[in-house]
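Written out below as structure tokens is the structure these notes cover.
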Number of protein chains: 2
Amino acid sequence: MKKIGVLGGGQLGRMMIQSAMNLNIQVKTLDPDPNAPCKAMAHQFVEGSINEYFTVVEFGKDVDVLTIEMENVNAQALIDIERQGIVVYPRPHHIQMIQDKRVQKQFYLDNGIPTSPFVLLDSKDELEEYEDFLPAVMKVGKGGYDGRGVQVMKSKADFEKGFDAPSVLEKMVDIDKEISIIAARNPSGDITTFPAVEIVYHESNLVDYLLSPASIPSDVEERAKIIAYDLLEKLDYVGLLAIEFFVDKEGNVIVNEIAPRTHNSGHQTIEGNVTSQFDQHIRAILDLPLGDTSRRCASAMVNVLGEKGYTGEAKYEGVEEILAIPGVYIHLYEKKFTKPERKMGHITIIADDKEELLEKVDKVKTHFKVIA
Amino acid sequence: MKKIGVLGGGQLGRMMIQSAMNLNIQVKTLDPDPNAPCKAMAHQFVEGSINEYFTVVEFGKDVDVLTIEMENVNAQALIDIERQGIVVYPRPHHIQMIQDKRVQKQFYLDNGIPTSPFVLLDSKDELEEYEDFLPAVMKVGKGGYDGRGVQVMKSKADFEKGFDAPSVLEKMVDIDKEISIIAARNPSGDITTFPAVEIVYHESNLVDYLLSPASIPSDVEERAKIIAYDLLEKLDYVGLLAIEFFVDKEGNVIVNEIAPRTHNSGHQTIEGNVTSQFDQHIRAILDLPLGDTSRRCASAMVNVLGEKGYTGEAKYEGVEEILAIPGVYIHLYEKKFTKPERKMGHITIIADDKEELLEKVDKVKTHFKVIA
């Protein structure tokens, strides 16, 4: 029986375990939170920091493959583990590159991957030189997540909100759609991409819901897919890579950001596609044949976020109402406490066509609430 | 967070846990085998006998609902637990009835549920009186399982192979097809049935593979469905009930046997239907709205049995070959040791039509083997 080690014990690891079970794969998880979503489900749960060098090195010693479910891990530890002969997928230098948005952008530029124009800054003082570059978005190189470390710069007046850290200033894109493609590559070099999904953002910058298929022309999807293949090949990547694209008002497709792991924009694949992103990640890192990524039907994914104004032990409202709708799948992450906008779960909705799908999305969003 | 207690920690409990996770339901499992398939996955695994009165009573004390994943449990313990106010679904007296094939058959007769003609015997000596009743099948009332406790009686010469225990002698049915319908009823009285599946038996009397849809006329399926509704209503049943039917050469539909739980003939619902049998069982026992049972596509289920001639630590051959076929899902049960014909897992196959489905079934059966 193979043993996979996973850095991070959150919902992504939890759903990976649900997949791994089917192949008799043992999953060992490292997470600092004793109540992490993987706690009860992992074959072995180790409480500890994924950022602490010696903890990560020690954790990786006895696994067949080491992988991650979030990218802010101690990459140096992974590099050293790999040198000792332990298989680590995605490869540590890819994780390290993706951890720094500056290095990521430079890679796109150097390798002909379409992305928005940018300049690299060492501190906010340098903003003064780039007034002509506005409107733009300033992003810290390292440590940003879910909207943190990101600041829109519309005019000079916004400069004071800038970050005093090595950052990237990206020219604002006149966005028409945001789409995501989840790609996978195994060590044998096989590549697959899931069909593009359309991401609809909530005001808080967390994903509100997503739709599959994305309502984009087929040539736009085809160009995104070609970029995805190109990116994985140029990186010599192994594992799952989530690629978020902007489609601008002129139909240009450019890479926004990538994540070296299973991704929120792929949750609907569990019910909506022949193979799920979690199955695909496991297939990729174990060098198994990659699965069929075809859509089985139209699907949507709604994030379940803690309701504003409620903090404490989580209660779920509307379970009965939404389970009465055909083709609605609740996925909760076993997080004991809710707080405003905490990601507590997701709901997948399947339907025969888009109209029916959006009606169901609306009902789900109306009825289902996490309170305390 | 609700806590479900499950008597039995085998593969059915394991797949129930995969479903329960999605609703933040804690699962506590009782099984005598310290290496049972649920061991690593249950929130709480209690090693102990499901037949031992005090073990079962103690186990049931702190759960919201107590259920089963196999029927040979201590039913008296469940009856007493229910008297103490613990919710037990399926209801203990139904489990008790189903444990005894004699009582089961008598119930069908008394309630107008079509079944084969039968006589009740107290010992094999009584067989002499029923030579005219042959060909027939003798089944022990209690304790038979997967072909054990069942003996075909073609002529008087077979009488010596009879059982010296309270038994039922059932007139042999001229079987055209064997089908199964999985039905569910919640405490509110809602009933659903999954579409009929066709069961193809292996020479060893274990299920070889099953097909959905069953290749039967729609009126045959309709009659089976009506019998299923009738049976659940007359029993005032709660939970999942698997109903195996014979369809005879004249198109008559009669009940063969029932099981008060999730069932081997429902595994393909995980990928093949909108709701899986495991989700449906949880919905039923928690009095949630029952899910849509519609088929999403054609599906088949192949049992993964230990290869003859191999006993020891299990190894799986052909994983790569069959994962390369689109729409093939491996489900292994984390059983460490294999022996001839031990049920080690199952494989679900989905396809757009029956021809494609049977081609894939053939490939799966050719390539996939459990050896030691």
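Tabulated data
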read-out: Mean ellipticity per residue at 222 nm, deg cm²/dmol - from DSSP H runs of n ≥ 4 across chain B, formula -39500 (n - 2.57); value: -7500 deg cm²/dmol
read-out: Backbone HN-Hα couplings from phi across the range B:218-235 [Karplus 6.51/-1.76/1.60, Hz, Gly and Pro as x]; value: 5, 6, 5, 4, 4, 5, 4, 5, 5, 4, 4, 4, 4, 5, 5, 5, 5, 7
read-out: Candidates B:SER19, B:SER188, B:SER299: whichever shows maximal mean-square fluctuation once chain B is modelled as a Gaussian network with Cα springs under 10 Å; value: B:SER188
read-out: Backbone HN-Hα couplings from phi across the range B:93-110 [Karplus 6.51/-1.76/1.60, Hz, Gly and Pro as x]; value: 5, 6, 4, 4, 4, 6, 4, 10, 4, 5, 5, 4, 4, 5, 4, 4, 4, 5
read-out: Relative contact order [Cα under 8 Å, 6+ residues apart], the range A:3-88, whole percent; value: 33 percent
read-out: Cut-off of 10 Å, at most 13 other beta carbons, DSSP loop: longest stretch of chain B lacking such GluC sites (Glu not before Pro); value: B:1-202
read-out: Inter-label distance for B:ASP236 and A:GLN44, nm, one decimal - labels placed 7 Å from Cα along Cα-to-Cβ; value: 5.2 nm
read-out: Cut-off under 5 Å, modelled amide H: who pairs with A:MET344 long-range; value: A:VAL304, A:LEU305, A:GLY306
read-out: The protein assembly as shown - convex hull of alpha carbons, volume per residue in Å³; value: 164 Å³
read-out: For A:THR29, residues with placed amide H under 5 Å, excluding near neighbours; value: A:VAL6, A:GLN44, A:PHE45, A:VAL46
read-out: The range A:175-371 - convex hull of alpha carbons, volume per residue in Å³; value: 116 Å³
read-out: Residues of the range B:338-364 with amide N under 20 Å of a point placed 7 Å along Cα→Cβ from B:ARG148; value: B:338-345
read-out: Average other protein chain Cβ within 10 Å of Cβ, residues B:16-24; value: 6
read-out: Of B:LEU290, B:LEU235, B:LEU210, the one that fluctuates the most in a GNM where chain B has Cα springs shorter than 10 Å; value: B:LEU235
read-out: Cut-off 20 Å (backbone N to label point 7 Å along Cα→Cβ of A:ASP33), residues of the range B:1-40; value: B:1-2, B:21-27
read-out: Using a 7 Å Cα-to-Cβ projection, A:GLU320 label spacings across copies, nm, ascending; value: 5.3
read-out: GNM top mover of B:LYS225, B:LYS335, B:LYS156 - chain B, alpha-carbon springs below 10 Å; value: B:LYS156
read-out: Among A:LEU134, A:LEU169, A:GLY149 the positive-end extreme of the charge dipole of the range A:117-171 (Cβ point charges); value: A:GLY149
read-out: Karplus-derived HN-Hα couplings along the range B:11-23 (A = 6.51, B = -1.76, C = 1.60, θ = phi - 60°), whole Hz, x at Gly and Pro; value: 5, 5, x, 4, 6, 5, 5, 4, 6, 4, 3, 5, 10
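None of the figures in this text is laboratory data; all of them are computed from the coordinates on show. Being a predicted model, the structure only gives us computed values, none of them experimental. Because the Cβ atoms are built from the backbone with ideal geometry, glycine has one as well, and the counts that use them run over all protein chains shown.
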